[in-house]
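The values are calculated or read from the model by the stated rules, or taken from the named source; none is laboratory data. Being a predicted model, the structure only gives us computed values, none of them experimental. Quick reminder, even Gly has a Cβ in these numbers, built from the backbone with ideal geometry, and neighbours come from all protein chains shown. Surface accessibility is based on the protein's heavy atoms, side chains included, excluding ligands, DNA and RNA. Shrake-Rupley method; radii C 1.70, N 1.55, O 1.52, S 1.80 Å.
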Amino acid sequence: MKIANYIQDLLYRYECVILPGFGAFLSRKEPAFIDEETQVFYPPKKVVSFNSQLKKNDGLLANYIAASQKVSYTTSVNMIAEFVEKLEESFKEDGKAELENIGRFSYAEEKLQFEPFGQVNYLTDSFGLDSFKTSAIARETYKKQVEELEEKAPILFTPERRKSPAYLKYAAIGLIALGVSGFAGLNIYSSQVSKHNIAEQQQAQEQLQEQIQQATFIIDNPLPAVTFNVAKQTGNYHIVAGAFRNEENAQKKVSELKEEGYKARHIGENKWGLHQVVYASHEKRRDAINMLREVKSSNEGAWLLVQEL
């Protein structure tokens, strides 16, 4: 088997195949394209180039030949050296040399030139794909033809009329009215909730409860325990005072609002990771809206959140 055939095998698998003492064959991928002049579609491919500076043996070609021919590594290296000598002799005699299905070498102005052959596509992903010629779609031409036909002979469709019992018409009208009213009612309710939550939709969080830390002191005369009853806020209508990236800032805001007399609390993080602080929560929507109007005078950024915590 010729050395050129082994180089071809390796070009399918690798992007650089060095022919020791001669140079390296490099391959790079090119995407599919269409030649607008010839209207030919070409599939993706590998384009082969040559670099005469890379001559040092990296062992890839020699090891592959040794494994394929079942010979020693030294023997395969000698086979490659003999092949390179024949190439050099071909240059001296004819001034050119060819590697089957790879490319043609020649000298121009005392410089080695390489011209790759395009018969073989070394990109395995394009196996079985070949170039083909197609014609452009004349969309505008067909559109103009249809418009001209419509102007000359407009087409009118007259559906066949069928008589149906009167009671069926009334029944259909009743069903449509019920469906429309039910659908409209559902949309109205959904839109009311979405108007408040669309900007910052909240993830369902478990209800956070304020807890009082218990401290134990060892003293001679212990004091009796003191129990505080903290009222639990309920309701799905929350007046949001702000959202903070830092939880510490959120807690400071809660303290400030409590000093102002609000039943403020931290209701957790939203899906953007912001800690939300509310003035208060209400059971009734009307009460929440009234409070929102009050706090708007001092906080334009306050808004109503409808969410079950």
Open item on the list: When you scan the range 87-101, do you find a residue that is modelled with pLDDT of 85 or more, more than 22 Å from residue 114 (Cβ to Cβ) and open to solvent by less than 50 Å² (accessible area, probe 1.4 Å), even just one?
Closed with: no
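Inside the range 280-309, can you point out the residues that are outside any helix (DSSP H, G or I) and either surrounded by 13 or more Cβ atoms within 10 Å (Cβ to Cβ) or of a type in the set (Lys, Arg) (or both)? Please lay out each step first, then the result.
Step one: of the range 280-309, the residues outside any helix (DSSP H, G or I) are 280-284, 297-309.
Once the filter is applied, which keeps residues that are outside any helix (DSSP H, G or I) and either surrounded by 13 or more Cβ atoms within 10 Å (Cβ to Cβ) or of a type in the set (Lys, Arg) (or both), the range 280-309 yields 280, 281, 282, 284, 299, 302, 303, 304, 305, 306, 307, 309.
Any idea which of 106, 68, 52 is in contact with a Lys or Arg (Cβ under 7 Å, 6 or more places away or on another chain), more than 30 Å from residue 134 (Cα to Cα) and of a type in the set (Ser, Thr, Tyr)?
Numbers: 68 fails: in contact with a Lys or Arg (Cβ under 7 Å, 6 or more places away or on another chain); 52 fails: in contact with a Lys or Arg (Cβ under 7 Å, 6 or more places away or on another chain).
Among 106, 68, 52, only 106 is in contact with a Lys or Arg (Cβ under 7 Å, 6 or more places away or on another chain), more than 30 Å from residue 134 (Cα to Cα) and of a type in the set (Ser, Thr, Tyr).
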Open item on the list: Being hydroxyl-bearing (Ser, Thr, Tyr) and part of a strand (DSSP E or B) is the filter here; which residues of the range 89-104 pass it?
Closed with: none
Open item on the list: For the structure I just gave you, tell me whether residue 277 is open to solvent by 100 Å² or more (accessible area, probe 1.4 Å), of a type in the set (Val, Ile, Thr) and modelled with pLDDT of 50 or more.
Closed with: no
Task: Any pair with Cβ under 6 angstrom, 6 or more apart, that starts in the range 12-24 at a residue that is farther than 19 Å from residue 120 by Cβ and ends at one that is part of a helix (DSSP H, G or I) - done: 20/80; 21/84; 22/84
TODO: Filter the range 9-67 down to the residues that are of a type in the set (S, T, N, Q) and in a strand (DSSP E or B), then identify the one that is least open to solvent (accessible area, probe 1.4 Å).
DONE: 27
Task: Any hit, the range 105-128, residues being surrounded by 14 or more Cβ atoms within 10 Å (Cβ to Cβ), modelled with pLDDT of 85 or more, out of contact with any Gly (no Cβ under 6 Å at 6 or more places or on another chain) and not in a helix (DSSP H, G or I) - done: yes
